[in-house]
Each structure stands twice: as structure tokens, then as C-alpha cells.
Amino acid sequence: EAGVTQSPRYAVLQEGQAVSFWCDPISGHDTLYWYQQPRDQGPQLLVYFRDEAVIDNSQLPSDRFSAVRPKGTNSTLKIQSAKQGDTATYLCASSFYNNQAPLFGEGTRLSVL
Amino acid sequence: GDQVEQSPSALSLHEGTGSALRCNFTTTMRAVQWFRKNSRGSLINLFYLASGTKENGRLKSAFDSKERYSTLHIRDAQLEDSGTYFCAAVCSNTNKVVFGTGTRLQVLP
């Protein structure tokens, strides 16, 4: 069975540029999470979905970050006008709601210069 | 808010010895996961527990939802066990997955 797939694996940007991250969760998983993990820190939840609905996006910087999951399957996380402080690994995970361990993708490593 | 307090933040062990990592929760969690971050930065799943204990080789984990904690025991530590370990707990009422701040383990010869 394929795992959670994320792309790209790496991204390098100048400040002010935009970037999108893509996540393909485990087939059938209804819950999808996006995390930001700065270097040497634990992952911090940005947003999570059940199907296409946002359940919690309280930690998502809404002025520059957006996340969608329009069909309740794949998801895209977008950063408009990136800042150096956005440098981190962005992790996607998926699970069945109220069941099973969330499974994590390999992440996208973002460097903002 | 929902928090996971992980300790210690750093730990040094000599080969062959053991120790325990702990996560305390400020709210009721329905499950906990333990991960190790590999050299590529990927999270490797070690355990997922909804209750009780699990053991895998030299690692053993316990989770007590009522007492709001989980532990990860490492015995007979080897050099390759070095790395950063995270716990992540699933909140019972929101299903949100919250991570601890990590334990950086260094195993010394």
C-alpha cells in the first residue's frame, strides 16, 4: 500500500516568493493534517481536515498561508510571500477519524533565503 | 490549550545502559504515538498505543490515558539509537494530534 506522498521534497525560495506543497494521503483516510516543523523543534499543527472540511486552522497564519482539500482526498498548502521564518519541514499526515495512528509523509523541506 | 510536555529535552546514555522518556498531557488523550526522527528528517513510527504497553526489541512504551502520561523505555542502548524522539498524542475530544517538544538522545561509546 502506498504511503502518504508529498511533493516537492525540497524547495528553496527568496523572501516574498510563493510556494505550494502537495499531499496525497492514504487512500480512504478521511482526516488529513499539515504540520510545520522548524529545525530542531517538534512538529506544530497548522491545520487539519475531515474530508473536505477544515476542523481546526487556528494555528495557520491566515495572512500568508492557505490550505485546501476540495474533494476530501489530496490537499494543497500554499504560502504567499514567504518569509525566512517559514524555513521548516512541512509534514502531511492522514488517518481514519477516531481510529488508527496518523501516518506521516516524508515532508517537504523549505528554505527561505 | 491541549499540551504535551515531554522530558527530558536532552539525554546522554552510555552504550548498554537504559533510561525512560516521558510525556505528560494536560488533557485527556485517546492514543499516543512515539516517533524517532531519522537522519533525513523523516518521522519513523515506533509505537502507537490506545492503552497499556507495547514492546519491540529494546524499546517499550506505556500509555495511561486516565493518569495522562506515556513513557518510552530504552534498554541496552546502542549508538544507532541516537537521535530525536517525539511523542504525539491524539486529543479525545478534538482528534487533534499534538506533538511533544522532543528528546535529543545521544548514546556514547
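A few points about this structure:
- Straight-line reach from B:LYS54: taking Cα to Cα under 26 Å and skipping same-chain neighbours fewer than 8 places apart, the lysines in range are B:LYS37, B:LYS66, B:LYS96.
- By the compact-protein rule of thumb, 2.2 N^0.38 Å, the alpha-carbon radius of gyration of the protein assembly as shown corresponds to a ratio of 1.02.
- Test item: Cα-centred dipole of the range A:23-70, Lys/Arg +1 and Asp/Glu -1 on Cβ, debye: 140
- For chain B, Cys with no neighbouring Cys Cβ under 4.7 Å: B:CYS91
- Per-residue shielding of A:102-108, expressed as the average number of other chain Cβ atoms within 10 Å of the residue Cβ, stands at 4.
- Of all accessible heavy-atom area on chain A, the percent that carbon and sulfur account for (1.4 Å): 45
- Rounded to whole Å, the principal axis extents of the Cα atoms in chain A read 39, 26, 23, largest first.
- Rounded to the nearest 20, the size of the Cβ-charge dipole of the range B:4-108 about its Cα centre is 300 debye, with Lys and Arg at +1 and Asp and Glu at -1.
- Positive-end ranking of B:ALA10, B:ILE44, B:GLY57 along the dipole of the range B:4-108, with charges on Cβ about the Cα centre, is headed by B:ILE44.
- √(5λ) per eigenvalue of the Cα gyration tensor, chain B, largest first, Å: 24, 14, 12
The values are calculated or read from the model by the stated rules, or taken from the named source; none is laboratory data. Keep in mind that what you see is a predicted model, and the values were worked out from it rather than measured. Cβ coordinates were reconstructed from backbone atoms using ideal geometry, including for glycine residues, and neighbour counts include every protein chain displayed. Remember, those area values only see protein heavy atoms, side chains included, never the ligands or the DNA or RNA. Shrake-Rupley method; radii C 1.70, N 1.55, O 1.52, S 1.80 Å.
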